[in-house]
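*Asks:* I have a structure here, written as structure tokens, and I will follow up with some questions on it.
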Ligand code: 5GP
């Protein structure tokens, strides 16, 4: 298998309310080779969420047993609940040639980076803190305490953007989706990923004698 048969791993992180899930969902609609990883979580399903579609919902005990068996590529405690990415699920997708996008928090992104796995990370920022607060308050049925916690986390984690490969400002959805597509296309063209394909092309330069049409 050449390196190019394997899919690429992308990570998107952003504060709650930045629109990262909507962005990732748009991307997988547009790019047929891109899949979103389905995380495991110990939090209960919200109204309208489907098991095995939005998340794999498991008990805290099952989640902790999975941690003990090193089944997570990364995992984190976010707002008091456990969330994690299955190592085996991700590897199976990548090995089958699918590109995979993980929508995970900054703690998880740090773990993937530390593990040395080949990945491209993208941090999505809102245009401003005020706009983030407005979006969060507009969409959410969460309690005021939960809102305060999300805003405090957003403030504490915004500076983490410097640890990512790319940063994108989500001012309007569609231009931001286009920007993300451009990043994915650029990553596909990186020298170390293109070398096997380029070498096949280069062989055609060597094998055939140059014709003389005169
Ligand atoms: P929510 O409960 O609103 O669906 O998600 C809360 C937060 O958990 C979001 O910031 C989301 O990015 C993060 N999250 C979801 N799945 C994972 C995961 O598998 N790993 C990590 N580290 N964070 C996750």
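The values are calculated or read from the model by the stated rules, or taken from the named source; none is laboratory data. If you're wondering where the values come from, they're calculated on a predicted model, not measured in any experiment. Backbone-built Cβ (ideal geometry, glycine too); neighbour counts: all protein chains shown.
*Asks:* Residue check, residue 188 against (1) surrounded by 12 or more Cβ atoms within 10 Å (Cβ to Cβ); (2) touching a strand residue (DSSP E or B) at 6+ places or on another chain (Cβ under 9 Å); (3) modelled with pLDDT of 95 or more, all met but one. Which one?
*Replies:* (3)
*Asks:* Mind listing whichever residues of the stretch 18-53 are in a loop (DSSP other than H, G, I, E, B), under 16 Å from residue 122 (Cα atoms) and within 10 Å of the ligand (Cβ to nearest atom)? Full working, then the answer.
*Replies:* Start the filter on the stretch 18-53 by keeping residues that are in a loop (DSSP other than H, G, I, E, B), which leaves 18-19, 31-33, 37-39, 42-50, 52-53.
Going one step further and asking which of them are under 16 Å from residue 122 (Cα atoms), we end up with 18-19, 37.
Selection gives 18, 37.
*Asks:* State all residues of the stretch 22-51 that are out of contact with any helix residue (DSSP H, G or I) (no Cβ under 8 Å at 6 or more places or on another chain) and under 22 Å from residue 97 (Cα atoms); if no residue qualifies, say none.
*Replies:* 24, 25, 28, 29, 32, 33, 39
*Asks:* OK, next. Which one of 123, 129 is more than 10 Å from the ligand (Cβ to nearest atom) and surrounded by 19 or more Cβ atoms within 10 Å (Cβ to Cβ)? Break it down into steps so the answer makes sense when it comes.
*Replies:* Details: 129 fails: surrounded by 19 or more Cβ atoms within 10 Å (Cβ to Cβ).
None of the other options fit; the residue is 123.
*Asks:* Being assigned to a loop (DSSP other than H, G, I, E, B) and surrounded by 14 or more Cβ atoms within 10 Å (Cβ to Cβ) is the filter here; which residues of the stretch 54-66 pass it? Outline the logic, then answer.
*Replies:* Taking the stretch 54-66 as the starting set, the residues that turn out to be assigned to a loop (DSSP other than H, G, I, E, B) are 54, 58-59.
Correct list: 54, 58.
*Asks:* Still on this model: For the stretch 67-101, name all the residues that are within 11 Å of the ligand (Cβ to nearest atom) and either surrounded by fewer than 16 Cβ atoms within 10 Å (Cβ to Cβ) or free of Cβ contacts under 8 Å to residues at least 24 places away in the same chain (or both). I'd like the intermediate steps shown before the answer.
*Replies:* Within the stretch 67-101, the first condition is being within 11 Å of the ligand (Cβ to nearest atom), and the residues that meet it are 72-86, 89-90.
Selection gives 77, 79, 80, 81.
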